[in-house]
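The values are calculated or read from the model by the stated rules, or taken from the named source; none is laboratory data. Every value quoted in this text rests on a predicted model; they were computed, and no experiment measured them. Cβ coordinates were reconstructed from backbone atoms using ideal geometry, including for glycine residues, and neighbour counts include every protein chain displayed. Side chains included, ligands, DNA and RNA excluded: accessible areas come from the protein's heavy atoms. Shrake-Rupley method; radii C 1.70, N 1.55, O 1.52, S 1.80 Å.
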Amino acid sequence: MNRIEHDLFIEDQHPIDIVETLAEDNDWDFDRVGEDQISMTVEGAWRSYSLSLAWAGSEEVLRLICTFELDPPEARLPELLRLLDLANDRMWTGVFTLWRAQGLMVYRYGLALQGGAVANAAQLDHMLHGALLSSERFYPAFQLVCWGDRVAEDALGIAIAEAYGRA
C-alpha cells in the first residue's frame with residue numbers, strides 16, 4: 001500500500017497535509033506557506049501553472065486556485081469574456097475567471113467539508129488534476145481568442161473536441 005492509498009484510511013488528517021503528500025508524490029515544487037496553506041508550481045504541456053490551496057477551518061472549505069498569465073489586448077476582452085461564459089457552462093466543477101488587474105486567468109474551486117466531512121487523498125488528487133486538466137484544455141482556446149482573432153464559439157470547439165489517434 002503506497003502513501004496515497006494509506007491516506008485514504010486516515011481519519012481527521014488535515015487536508016493541506018494530504019495535498020503536501022500528493023505534491024511530493026508528483027514531484028511538484030511546493031511551499032508550505034503555513035499550517036492551512038500550500039502553494040505549488042506545476043509544469044503543463046502549454047505552460048507552468050501556479051496552484052494554491054487554503055483551508056478555511058471556520059468555513060470548513062478547502063479553496064483551490066490555479067492561475068496562469070493571460071493579459072489579453074483590450075480590444076479582445078469582450079470576446080474572451082464570452083468564451084469564459086461558454087467554457088464555464090461546460091464545466092462540472094470549478095470556474096474560470098479573469099483577474100484583469102493582475103493579468104491572470106484563474107481556475108477556482110471550493111471543496112465544502114461542512115458537518116465533519118473529511119477529504120481523502122483520492123478526492124484531493126482528483127481536485128488538483130481536474131484544475132490542471134481544465135487549464136490545459138482551455139488554454140489554447142483562450143490564446144486563440146486573445147491573439148488569434150477567433151470568435152469564442154470557434155475557440156471553444158477546439159478546446160472541447162476529442163482527439164483521436166496519434167500524430
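When the residues of the range 17-74 are filtered to those that are of a type in the set (Gly, Ala, Ser), under 18 Å from PHE138 (Cα atoms) and open to solvent by 50 Å² or more (accessible area, probe 1.4 Å), the one that is modelled with the highest pLDDT is SER50.
Does the range 80-104 hold any residues that are surrounded by 18 or more Cβ atoms within 10 Å (Cβ to Cβ) and in contact with a Pro (Cβ under 9 Å, 6 or more places away or on another chain), and which are they? Within the range 80-104, LEU80, LEU98 qualify. When ALA117 is tested against the conditions (1) more than 26 Å from VAL151 (Cα to Cα); (2) in contact with a Ser or Thr (Cβ under 8 Å, 6 or more places away or on another chain); (3) among the hydrophobic types (A, V, I, L, M, F, W, C), the lone failure is (2).
When the range 111-124 is limited to residues that are assigned to a helix (DSSP H, G or I) and polar (S, T, N, Q), the one that is nearest to the chain's Cα centre (by Cα) turns out to be GLN123.
Give the residues of the range 111-123 that are surrounded by fewer than 17 Cβ atoms within 10 Å (Cβ to Cβ) and not polar (S, T, N, Q), sorted by residue number. Matches in the range 111-123: ALA112, GLY115, GLY116, ALA117, VAL118, ALA122. Check the range 152-159 and report whether any residue there is under 16 Å from GLY44 (Cα atoms), modelled with pLDDT of 95 or more and within 17 Å of the chain's Cα centre (by Cα). For the range 152-159, residues under 16 Å from GLY44 (Cα atoms), modelled with pLDDT of 95 or more and within 17 Å of the chain's Cα centre (by Cα): absent. Select from the range 32-53 the residues that are of a type in the set (Lys, Arg) and part of a strand (DSSP E or B) and list them in ascending order. Result: ARG32, single match.
Table: residues versus (1) in contact with a helix residue (DSSP H, G or I) (Cβ under 8 Å, 6 or more places away or on another chain); (2) in a strand (DSSP E or B).
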{"site": "TRP55", "(1), (2)": "yes, yes"}
{"site": "GLU79", "(1), (2)": "yes, no"}
{"site": "LEU83", "(1), (2)": "yes, no"}
{"site": "ALA87", "(1), (2)": "yes, no"}
{"site": "LEU98", "(1), (2)": "yes, yes"}
{"site": "TYR109", "(1), (2)": "yes, yes"}
{"site": "HIS126", "(1), (2)": "no, no"}
{"site": "LEU132", "(1), (2)": "no, no"}
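In the range 141-157, the qualifying residues are those that are part of a helix (DSSP H, G or I), out of contact with any helix residue (DSSP H, G or I) (no Cβ under 6 Å at 6 or more places or on another chain) and farther than 20 Å from ARG108 by Cβ, and the one that is most open to solvent (accessible area, probe 1.4 Å) is TRP147. Let me confirm something: among LEU83, LEU98, which residue is over 12 Å from the mean Cα position of the chain (by Cα) and more than 21 Å from SER48 (Cβ to Cβ)? Result of the check over LEU83, LEU98: LEU83. Among residues of the range 12-30 that are without any contact (Cβ under 8 Å) to a residue 12 or more places away in the chain, those with a Cβ under 7 angstrom from a residue that is open to solvent by less than 70 Å² (accessible area, probe 1.4 Å) and not in a helix (DSSP H, G or I), sequence gap 6+ or separate chain, pair up as PHE30/ILE38; PHE30/SER39; PHE30/MET40.
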